[in-house]
Amino acid sequence: MFIGRHDVSVDPKGRIHLPAKIRDALKKSYAPPFIVTISDRCLTAHPAKEWLEKYEVLEREARTPEEGDLLRAITENAEEVPIKNGRILISSRLRKYAGIERNIVIVGRIKKIEIWSADCHEKATAGLLPKDLSKKLRELGF
């Protein structure tokens, strides 16, 4: 399972050194590689098996041209990213989509990770005041 926040940087070639906790979780519960794809305001990286299982469910249920278009959009915005020497290489196209330049935040989301531009992550979480967050967590049973 992937949890926590990790502040890391991208090297000039677009490589991200995955934190040890992320690599360890991947080794324990999943098999590499990651499938990296676009999300709301960031990139998400799913273990390939998990991503494929989700895709196959959608593909079995697709019946209309619009659903076929959605499946095409899903696959054309996804890239298989092997892990080499503890690093993954994110294409310039995906980095551009997410506004990733140098500093990034990796957030564990249990079965996937999010890869954020540090600036975008700061903006997205700026409104999460500790008091309000604490209240929401209690409401959810945490």
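Just so it is clear, none of the values below were taken in a lab; they were calculated from the coordinates. The model shown is predicted, which means the values in this text are computed figures rather than measured ones. Note: ideal-geometry Cβ built from the backbone for every residue, glycine included; neighbour counts use all protein chains shown.
Results, tabulated for the structure shown:
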item	result
Formal net charge of residues neighbouring residue 116 (Cβ-Cβ distance under 11 Å; K, R +1; D, E -1)	-2
Value of Rg to Rh for the chain (Rh from inverse mean 1/r over Cα pairs, i.e. Kirkwood)	1.00
Spatial separation of Cα centroids for segment 43-68 and segment 1-16, in angstrom	25
Gain upon complete extension [residue 109, residue 29; 0.36 nm per residue less C-alpha separation]	27.4 nm
Eligible aspartates and glutamates near residue 123 by straight Cα distance, threshold 14 Å, same-chain separation 8 or greater	40
In nm, spacing of pseudo-spin labels at residue 126 and residue 61 (7 Å Cα→C-beta vector)	3.6
Label-to-label distance, nm, for residues given as residue 71 and residue 50 (7 Å Cα→Cβ offset)	2.3
Simple spin-label estimate for residue 101 and residue 11 in nanometres, 7 Å along Cα-Cβ	2.1
Reachable aspartates and glutamates, given that their alpha-carbon falls under 15 Å from the alpha-carbon of residue 27 and they are not under 8 places away in the same chain	50
